[in-house]
Amino acid sequence: MHKYYLSLCEIEYVEEKQSIQIIIGFFIDDIELTLNKDNNTSLKLATEDEAPNIDHYFKTYLNNNFKLAVNNNSVSYTYIGKEYDDDIVRFYLEITDIATLNSIDIYNTCLIRDFEDQQNIVKIYANKTQKTFYLNNKTLKALLKL
């Protein structure tokens, strides 16, 4: 176990691609504990014995705990995939067909239920603006107006 409970979410609006690109990183042992508890299973993340349908578990968890609204409209994102890097798992998500970005609303409850000290850091890069939000069990949402 580690003594910090953090996730890092980086959101970038790429105007020329009309796309919002998202990377979320969690400690593997934290997301594994939560998914195992949610699904009454043993997923063995980042091992040879990892569940073959692991992306299904990841997508379901993210869809339930990480939500976005763009320009005051709820949007869904495409789950592109994941990669393991030492003790971190990174998820790659994308929202397409965003011609202009006036506001982005983030709702992030990832890992908060299982880790009282969980802090979800959200960094947004959009329209030459950079903003960082610190979400936790008291603050689950962030709004950036551009």
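Given a 1.4 Å probe, how much area per residue of the chain is accessible, in Å²? If you can, show how the numbers build up before the last one.
On the way: 8340 Å² over 146 residues.
It amounts to 57 Å² per residue over the chain.
On C-alpha positions alone, give me the angle between the axis of helix 28-39 and the longest principal axis of the chain, in degrees, nearest 10.
Tilt of helix 28-39: around 80 degrees.
So what's the chain giving for Cα Rg divided by 2.2 N^0.38 Å, two decimals? List each step's numbers first, then the result.
Details: Rg = 15.3 Å, N = 146, 2.2 N^0.38 = 14.6 Å.
Rounded to two decimals, the normalised Rg is 1.04.
Just to check I understand the Karplus step: with θ = phi - 60° and J = 6.51 cos²θ - 1.76 cosθ + 1.60, what whole-Hz values come out for segment 18-23, glycine and proline as x?
Along segment 18-23, the couplings run 6, 9, 10, 10, 10, 10 Hz.
Which is the longest part of the chain that has none of the trypsin sites (Lys or Arg not before Pro) sitting in a DSSP loop with at most 15 other Cβ atoms within 10 Å?
It works out to 45-112.
If R0 is 22 Å, what FRET efficiency do you get for residue 121 and residue 36 from their C-beta distance, rounded to 0.05?
On the way: r = 24 Å, r/R0 = 1.10.
Using R0 = 22 Å, I get an efficiency of 0.35.
Report ³J(HN,Hα) in whole Hz for each residue of segment 50-65, in order, from the Karplus equation J = 6.51 cos²θ - 1.76 cosθ + 1.60 where θ = phi - 60°; Gly and Pro get x.
The phi angles translate into 4, 4, x, 9, 4, 4, 4, 5, 4, 4, 4, 4, 5, 4, 7, 10 Hz.
Using amide H atoms built 1.01 Å from N in the peptide plane, name the residues 5+ places from residue 7, or on other chains, whose amide H lies under 5 Å from its own.
119, 120, 121
In whole Hz and in residue order, list the ³J(HN,Hα) couplings for segment 91-108 that follow from phi through the Karplus curve 6.51 cos²θ - 1.76 cosθ + 1.60, θ = phi - 60°; x for Gly and Pro.
10, 10, 10, 8, 10, 10, 6, 10, 5, 9, 10, 9, 7, 9, 10, 10, 10, 9
What value, in deg cm²/dmol to 500, does the helix sum -39500 (n - 2.57) over DSSP H runs of n ≥ 4 give at 222 nm once divided by the residues of the chain?
Here the helix-only value at 222 nm equals -5000 deg cm²/dmol.
Using the structure shown, select from 82/131; 82/145; 3/145; 59/145; 17/141 the pairs with a Cα to Cα distance greater than 31 angstrom.
Pairs exceeding the cut-off: 3/145.
Report the relative contact order of segment 73-146, percent, no decimals, based on alpha-carbon pairs under 8 angstrom and at least 6 residues apart.
Values: 98 pairs, mean separation 19.5, N = 74.
Averaging sequence separation for qualifying contacts and normalising by length gives 26 percent for segment 73-146.
Share of the chain's accessible area from carbon and sulfur, percent, 1.4 Å? Provide the component values of the computation, followed by the final result.
Numbers: 3640 of 8340 Å².
The C+S portion of the solvent-accessible surface of the chain is 44 percent.
Mind checking segment 14-48 for GluC sites (Glu not before Pro) that DSSP puts in a loop (not H, G, I, E or B) and that have at most 11 other Cβ atoms within 10 Å? Before the final figure, lay out the partial values.
On the way: sites: 15, 16, 32, 48; in loops: 48.
Passing sites in segment 14-48 are 48.
The values are calculated or read from the model by the stated rules, or taken from the named source; none is laboratory data. In this text, all values refer to a predicted model and were calculated from it rather than measured experimentally. When we count neighbours, we look across all protein chains shown, and the Cβ atoms used for this are built from the backbone with ideal geometry, even at glycine. When the accessible area is computed, the model is the full protein with side chains, heavy atoms only, and any ligands, DNA or RNA have been set aside. Shrake-Rupley method; radii C 1.70, N 1.55, O 1.52, S 1.80 Å.
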